[in-house]
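The values are calculated or read from the model by the stated rules, or taken from the named source; none is laboratory data. Since this is a predicted model, take the numbers as computed values, not measurements. Ideal geometry is used to build each Cβ from the backbone, glycine not excepted, and the neighbour counts take in all protein chains shown.
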Amino acid sequence: MLWPVGLAASWSAVDAGSAAAFDNGMDLMRELTPQMTSEFAIRPLLLHDLERGLGHMREWTNDPNWHVRRLASEGSRPLLPWGERLPLLVSDPSPTRPILDALYDDPEESVRRSVANHLNDHSRAHPEFTVSVVQAWRDQGGTHVERTSRHALRTLVKRGDAGALALLGFPPARVRVSPILLSDTEVVAGGAVRFGAEVTNVGEGPANLVIDYVLSFPDARGRERSKVFKITQRSLQPGEVTQVETGHSFKAITTRKYYPGSYALALQVNGVPHERVEFTVADSTTEEK
């Protein structure tokens, strides 16, 4: 019931057009958020006057209530899911850095996860900025910095960003990946495929590896898309071989639908994709006929 209250208050503060009304609106967001998160209701205020709004939110990073501290980060996320985008922060990530730097090692996990998600938003358009922020966190230290860093860099790791991978201890490595073996070359939609390959460290020194797989698939218009999925992390001595095996389900979920057609799988090691293998996914209704 409080969600529409927050939105109504936010819109009213913007419509009033005065600094006092704006400040009152921000104060109300702070009061409401412990009862019902104000991360969506605060967006009209930030779109109206980002600089003034962030001034309040920087102060909130010292609030004794963790819900308020979380709102400082979550409410100012540039790409908040289901929320209005904040174009000024999409183009320039620097204004929210003081908030992130103040909260990356917060004692409350929900606050730290919000900070990591916030920085991960920035990573999509500003990878170098993201890596530099995480580097500064790690230089400064903290009880929770390792976990926050990994969560903040997850998109860059999947993209194979060299700076992010090196920062997390996965520099470029010399490896040999055997051809992928598939359990089936044709999978019915709703089914699954198992696959595996061998990874060999052919370098002269130990190798820390983050091993993912890239699934290439057709979208609704038949265009090829790809998505990276995590598998494991391994440490190999020179000449050491490791077997990697996993599977992928083609059962439709709310965020992903699989269309019949040509698919491909490839292992990705420390951000570098290797040889891919192709297979098909058939329409289950066609298969039944």
Quiz item: List the pairs whose first member sits in the stretch 106-133 and is at pLDDT 95 or above, whose second member is basic (Lys, Arg), and whose Cβ atoms are under 6 Å apart, counting only residues at least 6 apart or on separate chains?
Solution: Asp106/Arg112; Ser110/Arg70; Val111/Arg69; Val111/Arg70; Ser114/Arg70; His118/Arg77; Asp121/Arg77
Self-check item: Residue satisfying condition, being without any contact (Cβ under 8 Å) to a residue 40 or more places away in the chain and of a type outside the set (A, V, I, L, M, F, W, C), within set Thr246, Thr232
Solution: Thr232
Self-check item: Identity of the residue in the stretch 209-236, part of a strand (DSSP E or B) and basic (Lys, Arg), that ends up surrounded by the fewest Cβ atoms within 10 Å (Cβ to Cβ)
Solution: Arg225
Quiz item: When the stretch 8-31 is examined, which residues are found to be among the hydroxyl-bearing types (Ser, Thr, Tyr) and farther than 18 Å from Val68 by Cβ?
Solution: Ser12, Ser18
Quiz item: If you go through the stretch 47-59 one residue at a time, do you hit one that is touching an Asp or Glu at 6+ places or on another chain (Cβ under 9 Å) and touching a residue at least 40 places away in the same chain (Cβ under 8 Å)?
Solution: no
Practice problem: Take the residues in the stretch 214-229 that are touching a residue at least 40 places away in the same chain (Cβ under 8 Å) and under 18 Å from Val272 (Cα atoms), then tell me which one is farthest from the chain's Cα centre (by Cα). | Solution: Ser216
Self-check item: Members of the stretch 194-208 found to be among the aliphatic types (A, V, I, L, M) and surrounded by fewer than 19 Cβ atoms within 10 Å (Cβ to Cβ), listed by number
Solution: Val202
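Just to check your reading of the model, which residue among Gly239, Gly205 is part of a loop (DSSP other than H, G, I, E, B), on the phi > 0 side of the Ramachandran plot, at pLDDT 95 or above and more than 23 Å from the chain's Cα centre (by Cα)?
Gly239
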Quiz prompt | helices (runs of 4 or more DSSP H) within the stretch 102-187 that include 2 or more residues touching a Lys or Arg at 6+ places or on another chain (Cβ under 8 Å) and surrounded by fewer than 18 Cβ atoms within 10 Å (Cβ to Cβ) | solution = 145-152
Exercise. Could you please give the count of residues in the stretch 134-168 that are in contact with a helix residue (DSSP H, G or I) (Cβ under 9 Å, 6 or more places away or on another chain) and at positive phi?
Key: 1
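Could you list all residues from the stretch 222-258 that are in contact with a helix residue (DSSP H, G or I) (Cβ under 9 Å, 6 or more places away or on another chain) and of a type in the set (Phe, Trp, Tyr)?
Within the stretch 222-258, Phe229 is the sole residue that qualifies.
Those residues that are of a type in the set (D, E, K, R), at pLDDT 95 or above and not in a helix (DSSP H, G or I), I need them from the stretch 65-88; list them, please.
Correct list: Arg77, Arg85.
This table checks each residue for (1) over 23 Å from Val14 (Cα atoms); (2) more than 18 Å from the chain's Cα centre (by Cα).
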{"position": "Phe40", "(1), (2)": "no, yes"}
{"position": "Glu51", "(1), (2)": "no, yes"}
{"position": "Met57", "(1), (2)": "no, yes"}
{"position": "Asp63", "(1), (2)": "yes, yes"}
{"position": "Val68", "(1), (2)": "no, yes"}
{"position": "Leu88", "(1), (2)": "no, yes"}
{"position": "Pro93", "(1), (2)": "yes, no"}
{"position": "Ile99", "(1), (2)": "yes, yes"}
{"position": "Asn117", "(1), (2)": "yes, no"}
Self-check item: In the stretch 68-92, the residues that are surrounded by fewer than 21 Cβ atoms within 10 Å (Cβ to Cβ) and without any contact (Cβ under 8 Å) to a residue 40 or more places away in the chain
Solution: Pro81, Arg85, Pro87, Leu88, Val90, Ser91, Asp92
